[in-house]
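Engineer: Dumping the structure here so I can ask a few things about it.
The values are calculated or read from the model by the stated rules, or taken from the named source; none is laboratory data. In this text, all values refer to a predicted model and were calculated from it rather than measured experimentally. Using ideal geometry, Cβ is built from the backbone for each residue, glycine included, and neighbour counts are taken over all protein chains shown. Side chains are part of the model used for accessible areas, which takes the heavy atoms of the whole protein and leaves out ligands, DNA and RNA. Shrake-Rupley method; radii C 1.70, N 1.55, O 1.52, S 1.80 Å.
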Amino acid sequence: MSKLVIVGTVAFDAIETPFGKTDKILGGAATFIGLSASHFDIDATLVSVVGGDFPQEYLDLLANKKLDTSGIEIVKDGKTFFWSGRYHNDMNSRDTLVTELNTLADFNPVVPKNYVDADIVMLGNLHPLVQASVLDQMTVKPKLVILDTMNFWMDCALDDLLNVIKRIDVITINDEEARQLTGEYSLVVAARKIHEMGPKYVVIKKGEHGALLFNNDNVFCAPALPLEEVFDPTGAGDTFAGGFAGYLAKTKDISFENMKNAVIYGSTLASFCVEKFGTERMQHLSRKEVEKRLLQFKQLTQFEIQLT
């Protein structure tokens, strides 16, 4: 069974959208990635940190999804990372209202001993030095290292980010971040420049407009499933990354052709994530629902044409 290391935040979120608002609920990049990856028969561990205020029921929920939680450090006298945000009517933009790093401020990740030889490492959005420290702990070079990042680190830790980007195989970022990282408006040119930084594969997420996968001269474009309403987009990108990484770990095939399937799986799972607040939809998602939506994706994109 393939091993997958997932590094990122396990956190509290408070969210406000045009559809309503929540108090503190379960969130965090590693949480969304893990819940998504749990749909595949793999051995996955979460590496993160929480405070003594983090409910045992949330840890049990993750464990019940067959996610190893031994890598989640619990700082008993500390508080869990907290983020609060408000989305605008178009759901593509949001305002951050509160960010409390709490235990995350001093987080030194420790990969559990039985995962230091993992096949795939998924580096969720964290400080690049934290991401690099995880790679330093691996005793065997992983078959695939996937990194997610954001414009915040480009603003305040660019050199550290560029150093860790040299060590990875796949980067997943959104279109705005790809343009900021490269200074190029064309995503094709931006992807080429990111290739030159180190990654063999570049995944550019475009929200409701799907995702692009680049590998040198090869390009694959996956649509997003048209949804009647998006309830809460929080964690959709992380859910995409979890589906992408989980599928590749399950199939043990990291070719460009198989990554196309991984992108579709990631997009499918992300389409569920946005249907309810936070992780609620992902907590109760069944295999049958996923398979049914995969068929919808296939019908959406498959066609035959006769050239005249």
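Engineer: Tell me which residues come under 5 Å, amide H to amide H, from Ile72 once H is placed; ignore anything under 5 positions away on its chain.
Structural biologist: For Ile72, whose amide H was placed from the backbone, the distant partners under 5 Å are Ser48.
Engineer: Once you sort the root eigenvalues of the Cα gyration tensor of segment 68-127 as a ≥ b ≥ c, which label holds: rounded (a/c under 1.5), prolate (a/b larger than b/c) or oblate (the other case)?
Structural biologist: oblate
Engineer: List the trypsin sites (Lys or Arg not before Pro) within segment 75-110 that fall in a DSSP loop (any state other than H, G, I, E or B) and whose Cβ has at most 15 other Cβ atoms within 10 Å.
Structural biologist: Hits after loop and neighbour filter: Lys76.
Engineer: Contact order normalised by length for segment 152-308, with contacts defined as Cα pairs under 8 Å and 6 or more residues apart; what percent is it?
Structural biologist: Value for segment 152-308: 16 percent.
Engineer: Order Met1, Met122, most accessible first, counting only protein heavy atoms with a 1.4 angstrom probe.
Structural biologist: Met1, Met122
Engineer: Something else about it: Counting only protein heavy atoms and using a 1.4 Å probe, what share of the accessible area of segment 1-139 belongs to carbon plus sulfur, as a whole percent?
Structural biologist: Answer for segment 1-139 is 47 percent, counting heavy atoms of protein chains only.
Engineer: With unit charges on the beta carbons (Lys and Arg positive, Asp and Glu negative) and the dipole taken about the Cα centre of the chain, which residue among Asn89, Thr139, Asn163 sits farthest to the positive side?
Structural biologist: Result: Thr139.
Engineer: Residue separation times 0.36 nm, minus the C-alpha to C-alpha distance between Asn114 and Glu291: what's the value?
Structural biologist: 60.5 nm
Engineer: Per residue and in cubic angstrom, what volume does the convex hull of the Cα atoms of the chain have?
Structural biologist: 138 Å³
Engineer: Right, something else. Using a cut-off of 18 Å between alpha-carbon atoms, which aspartates and glutamates can reach Lys141, once sequence neighbours fewer than 8 places away in the same chain are excluded?
Structural biologist: Asp43, Asp117, Asp119, Asp169, Asp253
Engineer: So how far, in whole Å, is the C-alpha centre of segment 1-66 from the one of segment 141-218?
Structural biologist: Centre-to-centre (Cα) distance: 24 Å.
Engineer: Please compute the per residue accessible area over the chain with all protein chains in place, 1.4 Å probe, rounded to a whole number of Å².
Structural biologist: Dividing the accessible area of the chain by its residue count gives 47 Å².
Engineer: So if I place +1 on the C-beta of Lys and Arg and -1 on the C-beta of Asp and Glu, and nothing else carries charge, what would the dipole magnitude of segment 3-301 be about its Cα centre? I want it in debye, nearest 20.
Structural biologist: Using Cβ point charges on Lys, Arg, Asp and Glu, segment 3-301 gives about 820 debye.
Engineer: Just to confirm a number: summing +1 for Lys and Arg and -1 for Asp and Glu over residues other than Asn114 whose beta-carbon lies under 14 angstrom from that of Asn114, what do you get?
Structural biologist: -2
Engineer: On to the next question. For Lys288, give me every one of the aspartates and glutamates with a C-alpha distance below 18 angstrom, ignoring sequence neighbours fewer than eight places off in its own chain.
Structural biologist: Asp41, Glu275, Glu280
Engineer: Seen from all sides and averaged, what is the projected area of the convex hull of the Cα atoms in segment 216-308, in nm²?
Structural biologist: The number I arrive at for segment 216-308 is 7.7 nm².
Engineer: Sticking with this structure for a sec: Kindly rank 132-141, 276-285 from highest to lowest mean number of other beta carbons found within 10 Å of each residue.
Structural biologist: So the peptides 132-141, 276-285, ranked by packing, come out 276-285, 132-141.
Engineer: Distance cut-off 25 Å, Cα to Cα: go down the list Lys200/Lys276; Lys3/Lys260; Lys166/Lys260; Lys76/Lys205; Lys66/Lys113; Lys76/Lys276 and report the pairs above it.
Structural biologist: Too far apart for the 25 Å limit: Lys200/Lys276; Lys76/Lys205; Lys76/Lys276.
Engineer: With each run of n ≥ 4 DSSP H residues scored as -39500 (n - 2.57), what mean residue ellipticity at 222 nm is computed for the chain after dividing by its residue count and rounding to the nearest 500 deg cm²/dmol?
Structural biologist: So the calculated ellipticity at 222 nm is -11000 deg cm²/dmol.
Engineer: Excluding Gly210 itself, calculate the net charge of residues whose Cβ lies under 14 Å from the Cβ of Gly210, where each Lys or Arg counts +1 and each Asp or Glu counts -1.
Structural biologist: +1
Engineer: Pick from Ile173, Ile74, Ile120: which residue has the top mean-square fluctuation in a GNM of the chain where Cα pairs under 10 Å get a spring?
Structural biologist: Highest fluctuation among the options: Ile74.
Engineer: Under 8 Å for C-alpha pairs, at least 6 residues apart: give me the relative contact order for the chain, rounded to a whole percent.
Structural biologist: 18 percent
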